[in-house]
Amino acid sequence: MIVATDAAQWDQLYDAPLLDRLGPAQEEVIAHVAQVNAATGVAAQPTTTQVDAAFHADVRAAMAAMPASVQALLDGVLLGVRYARRLGSSAISDIVVSGEGVILGVVVALDVEAFEARTANAWATWKENTPFAPQPGYRLEAHIAAPGDDNRQRALQYLLLHEFGHVLAAGRGLLPEWWNGAQAMRGADDYRYLPLAWRITPERLVVPLPANDFPLRADIAYYQAPRLAASQMRDAYAQLQGANFATLYAATSMHEDFAESFASYVHAVMLRQPQCIRIFHDSTVLLQFDGYWEAGRSAAKRQLLESLLGS
């Protein structure tokens, strides 16, 4: 949770059109990320930054090309997309509150360094390799753009769709709010999305439904020191195929689950873009992971997203 120094300055951001709420990260955002990084052992030291006109245009175009229903849902809650460096991940999203605790909206901070020199497939491949320590002969390739569309704008669009999943989850009764403690959680069936994949234990922990858990899930860690070896890529994705998560990242928490489902659905179904993981040992394809939204295991999540987005 980010506490606004001047709530009026944040609130007036809504006066600008959605696509114009872009710019360097405010100092409150940087201070918040630095505090979270220090508390969680992340070494990255965030800073605000300006971007060149081409990067700014790519961010704006990525948002402009999103479905109208997505833009309409964002308009009253997204305070903006702000530019930063060394966040410790590709982006972060969090609520902004006044000094009195009134929620003003949600802001997204974007790590410019993650995208300056990466196309869509290069960025997705880098991200999806972060849970695995490299080993000779093993590699994972992620494809989220066709060859003629493999550019930075498409990478930014997918990342922003993920973050906008977090934005749109806030206050909609889909999940327990990420800024509240466990004591504020209601029963699992009081949330619209949570019981599709998760349950709440008597100890107030949120864990996957038994059919959704798998042996390697607890060791999946993105943007951190990897806990899995590259030789375990195939097993991780083979186990994932037995669960109802859209991506491996979705299996890490209920909030990442919704954000990944939202991003994947808009990207693959509404925008009709490719989404595929291939795992190789030397030149041999060990496993291909794709077609999630055509599989029966996605049905409940697809129905909810269709209702949310009017698609």
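Per-structure values
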| read-out | value |
| --- | --- |
| Residues located in the stretch 170-204, provided they are in contact with a helix residue (DSSP H, G or I) (Cβ under 6 Å, 6 or more places away or on another chain), without any contact (Cβ under 8 Å) to a residue 40 or more places away in the chain and open to solvent by 40 Å² or more (accessible area, probe 1.4 Å) | ASP189, PRO195, ARG199, ARG204 |
| Only one of ALA221, ALA246, ALA225 that is within 28 Å of PRO134 (Cα to Cα), assigned to a loop (DSSP other than H, G, I, E, B) and touching a residue at least 60 places away in the same chain (Cβ under 8 Å) | ALA221 |
| Filter result for LEU78 (open to solvent by 10 Å² or more (accessible area, probe 1.4 Å) and within 23 Å of LEU305 (Cα to Cα)) | no |
| Residue check for ALA72: farther than 29 Å from LEU309 by Cβ and either touching a strand residue (DSSP E or B) at 6+ places or on another chain (Cβ under 9 Å) or in a helix (DSSP H, G or I) (or both) | no |
| Test set (1) on the phi > 0 side of the Ramachandran plot; (2) buried (at least 17 other Cβ atoms within 10 Å of the Cβ) - GLY41 fails condition number | (2) |
| Residue in the stretch 234-242 that is more than 19 Å from PRO195 (Cα to Cα), surrounded by fewer than 19 Cβ atoms within 10 Å (Cβ to Cβ) and in contact with a Pro (Cβ under 9 Å, 6 or more places away or on another chain) present | yes |
| Answer from ASP58, ASP94, ASP52 - the residue that is open to solvent by 10 Å² or more (accessible area, probe 1.4 Å), out of contact with any Lys or Arg (no Cβ under 9 Å at 6 or more places or on another chain), of a type outside the set (A, V, I, L, M, F, W, C) and within 30 Å of LEU305 (Cα to Cα) | ASP94 |
| Residues (surrounded by 12 or more Cβ atoms within 10 Å (Cβ to Cβ) and over 19 Å from TYR158 (Cβ atoms)) located in the stretch 272-287 | ILE279, PHE280, HIS281, LEU286, LEU287 |
| First in the stretch 1-16 and under 22 Å from TRP178 (Cα atoms), second anywhere and open to solvent by 60 Å² or more (accessible area, probe 1.4 Å), Cβ under 8 Å, 6 or more apart | VAL3/GLY99; ALA4/GLY99; THR5/GLU27; ALA7/GLY99; ALA7/VAL102 |
| Filtered residues of the stretch 128-148 (kept if assigned to a helix (DSSP H, G or I) and open to solvent by less than 40 Å² (accessible area, probe 1.4 Å)) | GLU128 |
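The values are calculated or read from the model by the stated rules, or taken from the named source; none is laboratory data. All of these numbers come straight from a predicted model, not from anything done at the bench. As a convention, Cβ positions derive from the backbone with ideal geometry for all residues, glycine included, and neighbour counts pool all protein chains shown. With ligands, DNA and RNA removed, areas are computed over all heavy atoms of the protein, side chains included. Shrake-Rupley method; radii C 1.70, N 1.55, O 1.52, S 1.80 Å.
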